């Protein structure tokens, strides 16, 4: 079987000849290895390692036309000799301009690691302006855009899985406010948050439809802000689960399309919700921050969805080749039985990961991950 065939068999609950291996290589590690961070660089690093491309920087888009007075602009407002920079984004509406700022380059060997130091929404009036911008954006959608998806599909062929990432409405709204303040707002002004989520859910659906019309089989909904926010099962069910349900209801109408969830943190009590929603796969089952082991997830839910993840990223950065092999064997022992497992790292591959450790991960699965 090819890399793509292995991956698709696993996410569809089947048994491939070998467990697929798809470490979460994104732009930061690609930049460290090649000095480039586009999807082609990510795919090239996978080829170097022998793994399957999944969850690289690929996405679908929308063609949007905004009326005068609405829009956004981004520019660097600070540049420092040590490589640090600050980017400012201004979000314009006729009545109000919102501002966010992000700092880059604080870690010299990992310059693409960033931190948002100012979020655009700071008070109730900002929320109203931001909602106005989202409602206007929804009205201005002209159609879908698939960018470089067709090129990626052609280039990867059977050697990779050019899956695309989608943002739920919950993440769109939380990213406007910041995690800590958002968790306060859902208690202090829940009606306002409901109002903000409404246009964002419609925008989310348009992105889902763009995926369904694109020449790719697999997408992932990035709900890690919701699962990693320590908001608890009841708040997750209230604020974030509707995005998952609405997305899956859409996807299940199109045969052959596969949708999963990218999660972080404590998801043990959320897994039954994911099963009921009919998601095809869940990743990443963090070994250090999570509250459910890979073995437990396999025992409870492995016959109803594909499981991805759990390979400890710290081993890639701070362990040696033998450590990487032991970690790969552990994951295989816990989840490969009966198929429906993809060996994925428990989060993004760090910039200081060792190439030899990644290769050892792949080689171990080729040796011990055969059915």
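Just a few scattered comments:
- Failed condition for residue 248, given (1) more than 30 Å from residue 151 (Cα to Cα); (2) in contact with a strand residue (DSSP E or B) (Cβ under 7 Å, 6 or more places away or on another chain): (1)
- Remark: residue 323 matches the filter, which requires a residue to be in the same structural domain as residue 249 (by TED's automatic domain parsing), in contact (Cβ under 8 Å) with a residue 24 or more places away in the chain, assigned to a helix (DSSP H, G or I) and over 17 Å from the mean Cα position of the chain (by Cα).
- Residue identified as in the same structural domain as residue 164 (by TED's automatic domain parsing), buried (at least 16 other Cβ atoms within 10 Å of the Cβ), at positive phi and in contact with a helix residue (DSSP H, G or I) (Cβ under 9 Å, 6 or more places away or on another chain) among 228, 265, 260: 265
- Residues (out of contact with any helix residue (DSSP H, G or I) (no Cβ under 6 Å at 6 or more places or on another chain) and either under 20 Å from residue 10 (Cβ atoms) or outside any helix (DSSP H, G or I) (or both)) located in the stretch 33-42: 35, 36, 38
- Scanning the stretch 194-252 for residues that are free of Cβ contacts under 8 Å to residues at least 12 places away in the same chain and under 16 Å from the mean Cα position of the chain (by Cα) yields a count of 0.
- Test for residue 45: is it modelled with pLDDT under 95, in the same structural domain as residue 220 (by TED's automatic domain parsing) and surrounded by 15 or more Cβ atoms within 10 Å (Cβ to Cβ): no
- Among the candidates 116, 87, the residue that is outside the structural domain of residue 259 (by TED's automatic domain parsing) and either touching a residue at least 60 places away in the same chain (Cβ under 8 Å) or assigned to a helix (DSSP H, G or I) (or both) is uniquely 116.
- The single condition among (1) out of contact with any helix residue (DSSP H, G or I) (no Cβ under 9 Å at 6 or more places or on another chain); (2) surrounded by 15 or more Cβ atoms within 10 Å (Cβ to Cβ) that residue 112 does not meet is (1).
- Scanning the stretch 43-64 for any residue that is assigned to a helix (DSSP H, G or I), closer than 16 Å to residue 165 by Cα and out of contact with any strand residue (DSSP E or B) (no Cβ under 6 Å at 6 or more places or on another chain) turns up at least one such residue.
- In this entry, residue 80 passes the filter for residues that are outside the structural domain of residue 27 (by TED's automatic domain parsing) and surrounded by fewer than 15 Cβ atoms within 10 Å (Cβ to Cβ).
- Number of the condition not met by residue 30 [criteria: (1) part of a loop (DSSP other than H, G, I, E, B); (2) crowded, with 23+ Cβ neighbours inside 10 Å]: (1)
To keep it simple, each residue is scored yes or no on (1) within 28 Å of residue 231 (Cα to Cα); (2) in the same structural domain as residue 17 (by TED's automatic domain parsing); (3) modelled with pLDDT of 95 or more; (4) exposed (fewer than 15 other Cβ atoms within 10 Å of the Cβ).
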site: 280; (1), (2), (3), (4): yes, yes, yes, no
site: 317; (1), (2), (3), (4): no, yes, yes, yes
site: 345; (1), (2), (3), (4): yes, yes, yes, no
site: 349; (1), (2), (3), (4): yes, yes, yes, no
site: 357; (1), (2), (3), (4): no, yes, yes, no
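- Of all residues in the stretch 153-182, those that are under 21 Å from the mean Cα position of the chain (by Cα) and in a helix (DSSP H, G or I) total 14.
The values are calculated or read from the model by the stated rules, or taken from the named source; none is laboratory data. Predicted model only: the values in this text are computed from it and were never measured. Note that each Cβ is placed from the backbone with ideal geometry, even for glycine, and that neighbours are counted across all protein chains shown.
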